[in-house]
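Below is one structure, written out as structure tokens; the observations come after it.
Bear in mind that the values in this text are calculations on the coordinates, not laboratory data. These numbers were taken from a predicted model, which means no experiment stands behind them. All Cβ positions, even for glycine, are placed from backbone atoms using ideal geometry, and neighbour counts span all protein chains on display.
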Amino acid sequence: MYAKAIVGGKLIRFRLSPELARAHRTNAGKAMSEEEVIQFVENRRRALALRRAKPYLASRS
């Protein structure tokens, strides 16, 4: 399977690995609602903040 991307203002066509092609077909037609997207991004942001703060929090106790 081939994919397209705009890189530096040019359209680039490249071959996807079999794993990525399978995932692309599996997820075809699926979309997150706006609320789901916000919750997903917030969960990722919180997880990153906790990972970064872990050494500091561990030294405080």
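Angle of helix 34-60 to the longest C-alpha principal axis of the chain, folded into 0 to 90 degrees and rounded to 10: 40°. Among the listed values (i) 36, 17, 13; (ii) 19, 13, 8; (iii) 55, 13, 4, the one computed from these coordinates for semi-axes √(5λ) of the Cα gyration tensor in Å is (i). The charge dipole of the chain, taken about its Cα centre with unit charges on the Cβ of Lys, Arg, Asp and Glu (plus for the first two, minus for the last two), comes to roughly 360 debye. Computed from backbone phi with θ = phi - 60° and the Karplus coefficients 6.51, -1.76 and 1.60, the 3J(HN,Hα) list for segment 23-31 is 5, 4, 5, 4, 8, 4, x, 8, 8 Hz; x is used for glycine and proline. Using the rule -39500 (n - 2.57) for each DSSP H run of four or more residues, divided by the residues of the chain, the 222 nm mean residue ellipticity is -20000 deg cm²/dmol.
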